[in-house]
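Notes follow the structure.
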Amino acid sequence: MARIQIETTQNVLLEFELGGVGDRLMASMIDFAIATAYTLFGYITASQVAGPSFLWGDSTSILIHIVFIGPNFFYHWYMEFFLNGQTPGKKIMQLKVIKLDGAAPSFGEYFMRWMMRIADSFLFAGIVLMASNRNEQRFGDLAAGTTVIKIRKRARLEDTVLKLITRQDYEPVFFEVLKFSDKDINLIKETVDYARKTGKLERVVKLSKKVRDLHAEVPHMSPMQTLEVLLYDYNYLAQKTGSK
């Protein structure tokens with residue numbers, strides 16, 4: 001599977017699996033089926049209520065066309081914006097649009113992706129470009145500075161923490177660690193795992209400094225130990241809270 005490494009604005013290196021041409025095509029087919037079903041349902045309902053004459057002739061028929069065709073025209077733009085980088089098809093296929101710096105695209109960048117769909121559709125140019133592009137970007141992605149990644153299901157506590165803690169006499173160092181969001185904890189865990197795998201500690205040093213800026217009262221520890229203890233404390237306190 002093709003992967004992309006993204007350095008966030010916090011100078012943390014994250015690695016994601018790219019969406020892949022096949023998964024993105026399947027997501028597009030699902031979205032097309034949903035949009036088509038919406039239009040067919042609307043037209044069938046309108047024909048039952050107003051008869052065949054709803055197809056032409058007056059302001060009511062024009063309004064019906066706008067209501068049941070218009071949303072399909074802007075489908076990908078507003079779906080990706082309101083569903084945080086996903087359409088229903090992308091959600092089913094566990095795909096998400098992100099910027100190349102890991103941030104969420106803006107309203108205008110989603111619009112740019114949508115605008116370029118015409119160029120992407122011409123002679124399957126978008127598919128050809130994705131297949132030959134290192135980050136699997138179509139024209140819309142190149143214009144907006146985005147790509148599509150494969151996302152995992154939300155990490156469970158046992159996937160996030162380091163180990164099961166059985167010590168009953170343990171005294172946590174980071175008492176406020178449960179106030180961290182799941183995203184923060186996963187970021188710390190990914191940073192520690194990356195450092196262990198590669199031996200590169202630059203991100204660990206920068207992230208541990210941010211942690212210590214928020215917890216100046218904790219004892220002095222090495223950068224790696226700071227993050228490991230924080231994860232250990234998160235595990236311990238989450239288990240203790242869950243057992244009550």
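List pairs: first residue in the range 68-82 and in the same structural domain as Lys96 (by TED's automatic domain parsing), second residue β-branched (Val, Ile, Thr) anywhere in the structure, Cβ distance under 7 angstrom, at least six positions apart or on different chains.
Pairs found: Phe68/Thr39; Ile69/Thr39; Asn72/Thr39; His76/Thr87; Met79/Thr87; Glu80/Thr87; Glu80/Val97.
Considering only the range 69-108, state which residues are part of a loop (DSSP other than H, G, I, E, B) and either loosely packed, with under 14 Cβ neighbours inside 10 Å or modelled with pLDDT of 90 or more (or both).
Phe74, Leu83, Asn84, Gly85, Gln86, Thr87, Met93, Gln94, Asp101, Pro105, Ser106
Go through (1) in a helix (DSSP H, G or I); (2) modelled with pLDDT under 90; (3) not small (Gly, Ala, Ser) one by one and return the number of the condition Phe111 breaks.
Phe111 satisfies every listed condition except (2).
I'd like the full set of residues that are out of contact with any Phe, Trp or Tyr (no Cβ under 8 Å at 6 or more places or on another chain), part of a helix (DSSP H, G or I) and of a type outside the set (Gly, Ala, Ser), limited to the range 198-210.
Within the range 198-210, Thr198, Glu202, Val204, Val205, Lys206, Leu207, Lys209, Lys210 qualify.
Kindly evaluate Gln225 against the criterion of being without any contact (Cβ under 8 Å) to a residue 24 or more places away in the chain, surrounded by fewer than 20 Cβ atoms within 10 Å (Cβ to Cβ), assigned to a helix (DSSP H, G or I) and of a type in the set (S, T, N, Q).
When the stated conditions are applied, Gln225 passes them.
The values are calculated or read from the model by the stated rules, or taken from the named source; none is laboratory data. Since this is a predicted model, take the numbers as computed values, not measurements. Glycine also receives a Cβ, built like all others from the backbone with ideal geometry; neighbour counts cover every protein chain displayed.
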